[in-house]
1. For the chain, what is the accessible area per residue in Å², given a 1.4 Å probe and the full set of protein chains?
2. How do 257-263, 283-289, 104-110, 304-310 rank on mean C-beta neighbours within 10 Å, highest first?
3. Between region 56-109 and region 231-295, what is the C-alpha centre distance in whole Å?
4. Please compute one quarter of the surface area of the Cα convex hull for region 206-311 and express it in square nanometres.
5. In debye to the nearest 20, how big a dipole does region 1-108 give about its Cα centre with +1 on each Lys and Arg Cβ and -1 on each Asp and Glu Cβ?
6. Ignoring ligands, DNA and RNA, what percent of the accessible area of region 214-311 is carbon or sulfur (1.4 Å)?
7. Antiparallel DSSP bridges in the chain: what percent, to the nearest 5?
8. As an exercise, take the mean of 1/r over every pair of distinct alpha carbons in region 15-169, invert it, and state the Kirkwood radius in angstroms.
Amino acid sequence: MPLVTTTKMFEDAYKGGYAVGAFNVNNMEIIQGIVQGAQKLNAPLILQVSKGARAYANHTYLVKLVEAAVETTGLPIALHLDHGPDFETCKACIDGGFTSVMIDGSSLPYEENIAVTKKVVEYAHAHGVVVEGELGRLAGVEDDVKVSAEDSSYTRPEEVFDFVSRTGVDSLAIAIGTSHGAYKFKPGQDPKIRIDILEEVEKQLPGFPIVLHGASSVIPEFVDEINRYGGKMDNAIGIPESELRKAAEHAVCKINIDSDLRLAMTAAIRKYMAENPSHFDPRQYLAPAREAIQGMVEHKITDVLGCAGKA
């Protein structure tokens, strides 16, 4: 089975009231852990690569690793560019084997966002690739994406129909309360998703797939494990998973997960190295890291996304 686009995934997810997990990948063990979890639960899968991941691991290595995941599992897997910063990056990924790209023009003035998004859509659709656009700005930090709380903004529902119709995008990322990174909120805050905005977007775009970025929950057990073995993450707070499940029951068909992968992997490595200080073989500490990622992905698929058995 070749790599697939997200078109059918999203159609099925919208009808079924669940979301597909879009997991960020940077190396072989992360990919293996994600894929093993999805294969065990027979779940569809989006593996996504950021600009930073392409710089770190090399575009070609990542594409070949994801192709290996398809070959060894037979799962429907889409390869997606996360937060494409410009047309040139999107074009390189389209030409280089990706089946889905995101053009993030959310920091631009509205008309400029439309113009660059439309340009990417025209090129992508001519090559059989689907496109995700973005309206609204999420606070937080993820690779090269850095937005302060002051510069963040909720998506304006009155703009979404105009944006989608003029650009031709296949899915839309919106800002309704999630945030990039592990330090999303201050202690004492009550993080919630603005379901009222999501419902208004649904009215404007019936049947259209919506995407949530910054949707890691900063799972406390991983934070505690990191802190137990020398870390300092006392103020890491994420979106409650119950809130994400609500969104998946609405129009949200894709939920991005990155920070929770990093936390799971780091917690397992810190624990292993603390308990085995004389070991130096990377296979010895990356194996439990891979297992931790698999367990976390299985939990997300079952309890948050609701896409087990939907491959």
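The values are calculated or read from the model by the stated rules, or taken from the named source; none is laboratory data. Just so we're clear, the structure is a prediction, and the values are computed from it rather than from any experiment. Glycine gets a Cβ as well: all are built from the backbone with ideal geometry, and neighbour counts include every protein chain shown. Just the protein is used for accessible areas: all its heavy atoms, side chains included, with ligands, DNA and RNA removed. Shrake-Rupley method; radii C 1.70, N 1.55, O 1.52, S 1.80 Å.
1. I get 42 Å² per residue for the chain.
2. Taking the mean over residues of other Cβ atoms within 10 Å, the ranking is 257-263, 304-310, 104-110, 283-289.
3. Answer, in whole Å: 22.
4. On the way: hull surface 30.8 nm².
Orientation-averaged projected area of the Cα hull: 7.7 nm².
5. About 160 debye.
6. In region 214-311, the share of accessible area belonging to carbon and sulfur is 49 percent.
7. Working: 4 of 34 bridges.
Counting only bridges with both partners in the chain, antiparallel ones make up about 10 percent.
8. Values: mean 1/r = 0.0610 Å⁻¹.
When all Cα pairs of region 15-169 are included, the Kirkwood radius is 16.4 Å.
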